Amino acid sequence: MSQTAIGSPTTGGSKAAAAPSSAAGQSVNKRLQTELMTLMTAGDPSLSAFPEGDNIFQWTGTITGGAGTVYEGLTFKLLLKFPTSYPFEAPQVTFSTPCFHPNVDQYGNICLDILKEKWSAVYNVRTILLSIQSLLGDPNLDSPLNGHAASIWHNVPEYKKALLKHKSAHTAEPRRP
Amino acid sequence: MPLAVFNPSQPWGDAEKHQREHPEQWTPELIETTASWTVIVRSIVQSQQEIMASPTASPAFVRRCAEEPAMRAHLDLVVDRNMYGLLKAWFMEGVRERLFNHAVPRFWRHYRELPAVAPGVRSSAAVQRRIQAAFFAATHELSAYVGAQLTMVSVLEEYETPEMSRWLARLQFFLRQALGSLRIGELFDLIVDFPDSMPAILDLRECLSHTQQHSDAVRALSAAIEARLLLPGVDTANIIQVYVSAIKALSCLDPSGVKLEAVSERVRAYLKARPDTIRQIVTSLTDPETSELLENTGSEAELLTDDGGADGSLYDAADAEEAKADEATMLAWQPDPIQADPSRPSARRNADVLSRLVNIYGSRALFVNEFRNMLADKLLTASDYDTDREVRNLELLKKRFGETALSQCEVMLKDIAESKRNTRAIQQHFDDGSARVLDATIVSRLCWPALANETFELPAALVSEMARYEKQYAHGPYMHIKAPRKLVWKPALGMVTLDVTFADRTVKNVRCSPLHATILDAFGTQPQWSLRTLSAKLKVDAQTLKKRLALWINRGFILEKGRSADGDVNYEAPTHLGKGGEGRPGGEDDEEEGAGGGAAEAQLDAEMRVYEQYVIGMLTNLTELPLARINNMLRMFVPASGGDRGYDRSEAELQRFLQRLVEDGKLELSAGMYKIRR
């Protein structure tokens, strides 16, 4: 799968997912349960997500940076909010732990085409997580949200230093939107 | 009013006492009446005592009324003075009381001697004669008693319009009531011996139809069931059997099914709580010896198979017949009896035995699933491809559960038939005469229940045989008609028939599972193994291996040779099969149970592995959670899909499971919160 980052970020998680009530809500519920099942049985330790509480429409995701990238060994948390019209509309995905990355802004918004206009109903939680994981190691420098990160991306030692500094500076107070 | 002093239960005492205490109230007329009353009542009581002593003697009261004019005069006087009603009431009360307390129990004492021989044992002619004699004596005594009472009644009746029949009805009512009470007390035993106790059930039905003791019967039976059936020590199979008998007996007793409804509630709830109920029911459905459960459908099903090639006209005829039957049921409709619980729909009451059993769970899916599992077991352990009986069972169940519910089972049977064709076709191509070493069963994964996926190293000979089969399969005619498929072997399933040769003799046709056979094969090539080396060789974990070895040790095919210093167990194959070896009783049975339990355990483990992934997933993302939340989340997010039931463990079970994960170093527990160990 190819993903190209584009300029506009996904809108931040200001709108809470509506509680399911209709028959449509039931089928979304079922779909999410099935996705959870496949995700759990896939057994890939670097990608994981789980509903946060009693609401199956809001998940927390965890991804680990891919091997061979500067993000190797680092863990990031994500917040996934599914609309009731899922899977016909993309979920809102944001980083809930700080992430120093050319296509991620300071609020954790992610700039990823498949979460915006290239969304399709065949994508699922696993493919989203996979796309974000590969976005980490392979950013789209043409439409950065974080100009500083984009400018030093090619200078690996400096980038790594900035990344670790950014990470350690923020881990003290994990931010939840 | 002096009349009030004539208390029916104290026929004369009160009157005499009253006379002594209040002489002023007693007119000469009243004194005269009292005297007559006392004479008559005394005479009746005396007669009653005589009857009790010897029912065949004619009562003195009747004799005296006929012979002594004085007695007649007394009776006339009492009747003249408007005391007739009182006398009758007193008399009836006495008759009733005696009937209950003396005559009927006495009758029963005789009657009970009848089944003195154990039921089911063919009794000799002499014993039968004795039984008949006892029965006649008992009936005779009772009828003589009733007869004597009636002659006394007839004397009193002369003063009224003779209504013998009414008196008779009264007596019959008392008799029925007494008999009914007795039968109600024995109802549970009657149900247990059901088809044999049919006459007693009919007695009771006769009684209940007159005396309306229904609620007594329900109460007594419920109490008996509670006290004697629903106990932890009773086999589920027995409970089901009694339940089935109860359904039959009570539907005999009370066709409307109201009583059954009232009684069965508890049994159903209890059975529902037992874990092996479904399996027991399905077993009894498919076991030819107990399949009388299906008898009402059985006949229909046979009809159906008889005209197997039914054409359209036959179907039309059947439709017409059905329509007629519908009309008949419509016309035969009767309102629910008065004891019915109006909060329940009456449609359920007419269900037959099987639907009642199925209704314990309220859903057919569970039964169908269990049947599927059992069918899979049976098909996989059968070494020939003979499925006639299974096909028959399936057809019977289809009649009950519908085609769609059992379509998967249909596919399973079809798989077997197809495998047979395939295997034969493939074996034809092996022209070295070694055919029939391996029969493959090719199953459609989607339609079969989850199959155990144990892997181990099969003997080399078998592996090459499998490879040959696989190659032939890939080129066989099968591939031309079907989309190409790849064979995935499941080495743990199936059945192996072996001939085991020792120096002194050969044991033929030993049937066992492939893993058992593999173990034995290993001992064939090398007579001594330690548990560890064998486990490494066969790639089976030591625990499983030890369990499987037990079968051969039991049969004496392999000997345990003590432990080495590091706790490893040594085994050896004997060269001669000693006397104690072959067919040690119970050996086979142990194994069967062990294998079944192992499969269930394996499945449980597989389920738990899924939960483990969920637990790891939620803890990865949500950092740390208490037990109750984990339990809640599993309950919410592990869906029930297909044959799986979804998550249904208790919190305690989950705790044990999590504890195991903590011990395995996967999780850690601190301050009541579980989290991933880094």
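The values are calculated or read from the model by the stated rules, or taken from the named source; none is laboratory data. Predicted model only: the values in this text are computed from it and were never measured. When the accessible area is computed, the model is the full protein with side chains, heavy atoms only, and any ligands, DNA or RNA have been set aside. Shrake-Rupley method; radii C 1.70, N 1.55, O 1.52, S 1.80 Å.
Shape verdict for region B:495-577, please, from the Cα gyration tensor: rounded (a/c under 1.5), prolate (a/b greater than b/c) or oblate.
Verdict is oblate for region B:495-577.
Using a loss threshold of 40 Å², tell me which positions in region A:31-47 are less accessible in the complex than in their chain alone. Probe radius 1.4 Å, ligands and nucleic acids ignored.
A:Gln33, A:Met37, A:Met40
Leaving ligands, DNA and RNA out of it, rank B:Arg555, B:Arg63 by accessible area with a 1.4 Å probe, largest first.
B:Arg63, B:Arg555
B:His475 accessible area, nearest 10 Å², 1.4 Å probe?
For B:His475, solvent-accessible area is about 130 Å².
Leaving out same-chain residues fewer than 8 places away, which lysines sit with a Cα under 24 Å from that of B:Lys414?
Output for B:Lys414: B:Lys378, B:Lys398, B:Lys399, B:Lys471, B:Lys482, B:Lys486, B:Lys490.
Quick one: order B:Glu97, A:Glu117, B:Glu390 from most to least accessible surface, probe 1.4 Å.
Most to least solvent-accessible, the answer reads A:Glu117, B:Glu97, B:Glu390.
Taking a cut-off of 25 Å between Cα atoms, list the lysines near A:Lys160, but don't count ones fewer than 8 places away on the same chain.
Excluding near neighbours in sequence, the set is A:Lys77.
Which lysines have a Cα lying under 30 Å from the Cα of B:Lys561, excluding residues fewer than 8 positions away in the same chain?
Candidates past the 8-residue exclusion: B:Lys508, B:Lys537, B:Lys539, B:Lys546, B:Lys547, B:Lys579.
Which order do B:Arg81, B:Arg548 take by accessible area at a 1.4 Å probe, largest first?
B:Arg81, B:Arg548
Accessible area of region B:495-577 with a 1.4 Å probe: how many percent of it is carbon plus sulfur?
50
In whole percent, and with a 1.4 Å probe on the protein chains, what portion of the accessible area of region A:25-172 is carbon and sulfur?
54
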